[in-house]
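Colleague: Before anything else, here's the structure in question.
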Amino acid sequence: MMMGLLAFESNQGLWNSGYYSQLFGIGGVMVTVAILWLSTGYFGGIGAPFAPYFWPYLAQLPKKKERKRPVRVYMDGCFDLMHYGHANALRQAKLLGDQLVVGVVSDEEIVANKGPPVLSMEERLTLVSGLKWVDEVIPNAPYEITEEFMNTLFNKYNIDYIIHGDDPCLLPDGTDAYALAKKVGRYKQIKRTEGVSSTDIVGRILLTFKQKEAGSMEATTDANVAVNQNTGADTYDKVKSQLSNFLPTSRRIMQFSNGQAPLPGARVVYIDGAFDLFHAGHVEILRSARQLGDFLLVGVHDDQAIRDRRGYRPIMHLHERTLSVLACRYVDEVIIGAPWEVSRDMITTFNISLVVHGTVTEGSSVVGIDPYAVPKSMGIFQTITSPKPITTVSVATRIIDNHEAYKKRNLKKKASEDRYYTQKKFVSGD
């Protein structure tokens, strides 16, 4: 008996081979009848003991695959001053389903519940649509998940679950904006990304530009960003302490990365910059650059390099800016702390076919130094028209020009965030 079984197992390749599939189509009936005979004790009862050994192998037979409807999840937000925390929330939401639908809250709803938005609806839609985890976007979504809108999500958009972070989202009357979704059992929760929020970023900008209040704003370019040297060390330290509470990890970078190298013969396009306060202008220039090749490599300059050449530090530090760039669907790879000047060695190392730069730039480089001299001499440099005139400075200026409104907004939001951190408990997963 054992020899027979060994022989049977050694020939299992027939069950998965093309030869067997042909036999199954032609003589399937005969095989089925033979198995029934064995299992019911034909051939003098010899078959019965063998029957149990046949059943596990029958499970290996090809089965007709049923097509299941993809699980669709919904997450909404204001996505004002889009940052890596927003991106990480949407990345986590995508892991809870197959397709991610994102609702972008209308300007009117943001004003009613939070205060004036910094970015327009068009800009926020561009930023959300540009994220690699987003499949569909719903503009002008309500801030509260009402019964009417919830039914629209379920019936029109085929949403299975509504997602939100572990931090509370309260309406002006103090009630939970997601209470209905929780009540019907269609709510799932993700972990909030620590160390950043739109409120925090507005605070960084207001502190950095504090010299405007004293009327000590200097030139239009440098003033946007630098801490006035006359404000003293105490003010500088206060500003510095507000720059970031983010603790970067290699795991987070891996979660955002595509983890893929360019294919042999791929046309690698390189573009670099600060990418501070990642905005719609950045998304559009990266889209344009990606269309010129097969693989987009992005160089993100470090904080000191930006300060040395422009006279001020970026609002977001290197690792924050890197995550924002990696989250963009048009980006394949990032050089973290890329050199200011593009060298021949760098071009060879990364097999760069084309170096591009937009027509809209932040500040100016050191006089007399062209960071693109080498690619120009090699005939692989191209200037591309920036699709949008937005800059980090122009975004920051919107906040400065409406200083009092955003200061009031921040005080309101800060109280809510302070309560969250006071009551904060560990939440697994990210």
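Colleague: Which listed residue (PRO172, ASN140, VAL73) has the Cα farthest towards the positive end of the charge dipole for region 72-190, taking +1 on Lys and Arg C-beta and -1 on Asp and Glu C-beta about the Cα centre?
Modeller: Projecting each Cα onto the dipole axis, the largest value belongs to VAL73.
Colleague: Using a 1.4 Å probe and ignoring any ligands, DNA or RNA, find the accessible area of THR385 and quote it in Å² to the nearest 10.
Modeller: The accessible area of THR385 comes to roughly 110 Å².
Colleague: About the Cα centre of region 250-390, how large is the charge dipole given +1 on each Lys and Arg Cβ and -1 on each Asp and Glu Cβ? Please answer in debye to the nearest 20.
Modeller: 220 debye
Colleague: Can you pull the percent of region 291-341's accessible area that's carbon plus sulfur, 1.4 Å probe, other chains left in place?
Modeller: With neighbouring chains kept in place, the figure for region 291-341 is 40 percent.
Colleague: Hey, rough spin-label estimate for ASN140 and LEU207, points 7 angstrom out along Cα→Cβ, what's it come to in nanometres?
Modeller: Simple spin-label model gives 3.9 nm for this pair.
Colleague: Hey, what's region 250-390 come to in accessible area per residue, 1.4 Å probe, Å²?
Modeller: 44 Å²
Colleague: Could you work out how far apart the two model spin labels at PHE350 and HIS403 are, taking each label as a point 7 Å from the Cα in the direction of the beta carbon, and quote it in nm?
Modeller: Reported label-point gap for PHE350 and HIS403 is 4.0 nm.
Colleague: Okay, moving on. Would you rank THR359, THR397 by solvent-accessible area, highest first, keeping every protein chain in place and using a 1.4 Å probe?
Modeller: Heavy-atom accessible area, descending, gives THR359, THR397.
Colleague: Looking at this model, which pairs from LYS114/LYS188; LYS114/LYS182; LYS132/LYS191; LYS94/LYS182; LYS94/LYS188 are more than 21 angstrom apart at the alpha-carbon?
Modeller: Going by Cα-Cα distance, LYS114/LYS188; LYS114/LYS182 fall outside the 21 Å limit.
Colleague: If you take the charge dipole of region 250-390 about its Cα centre, with +1 on Lys and Arg Cβ and -1 on Asp and Glu Cβ, which of GLN291, HIS319, ALA338 is farthest toward its positive end?
Modeller: Of GLN291, HIS319, ALA338, it is GLN291.
Colleague: In nm, what is the difference between 0.36 nm times the number of residues separating ASN245 and LYS183 and their Cα-Cα distance?
Modeller: Gain on stretching ASN245 to LYS183: 18.8 nm.
Colleague: Return the carbon/sulfur percentage of the accessible area of region 72-190, one whole number, probe 1.4 Å, all protein chains in place. Could the numbers behind the result be given before it?
Modeller: Values: 2220 of 4610 Å².
Exposed carbon and sulfur together represent 48 percent of the surface.
Colleague: Something else: Would you work out if region 250-390 is rounded, prolate or oblate? Take a ≥ b ≥ c from the square roots of the eigenvalues of the alpha-carbon gyration tensor; rounded if a/c is under 1.5, else prolate when a/b is larger than b/c, oblate otherwise.
Modeller: Because its axes are fairly even, with a/c under 1.5, region 250-390 counts as rounded.
Colleague: Still on this structure, please answer the following. Per residue of region 86-96, what does 6.51 cos²θ - 1.76 cosθ + 1.60 with θ = phi - 60° give for ³J(HN,Hα)? Whole Hz please, x for Gly and Pro, Karplus curve as stated.
Modeller: Result, rounded to whole Hz: 4, 4, 5, 4, 5, 5, 5, 4, 4, 5, 8.
The values are calculated or read from the model by the stated rules, or taken from the named source; none is laboratory data. In this text, all values refer to a predicted model and were calculated from it rather than measured experimentally. Using ideal geometry, Cβ is built from the backbone for each residue, glycine included, and neighbour counts are taken over all protein chains shown. Accessible surface is based on the protein model in full, side chains and every heavy atom, while ligands, DNA and RNA are left aside. Shrake-Rupley method; radii C 1.70, N 1.55, O 1.52, S 1.80 Å.
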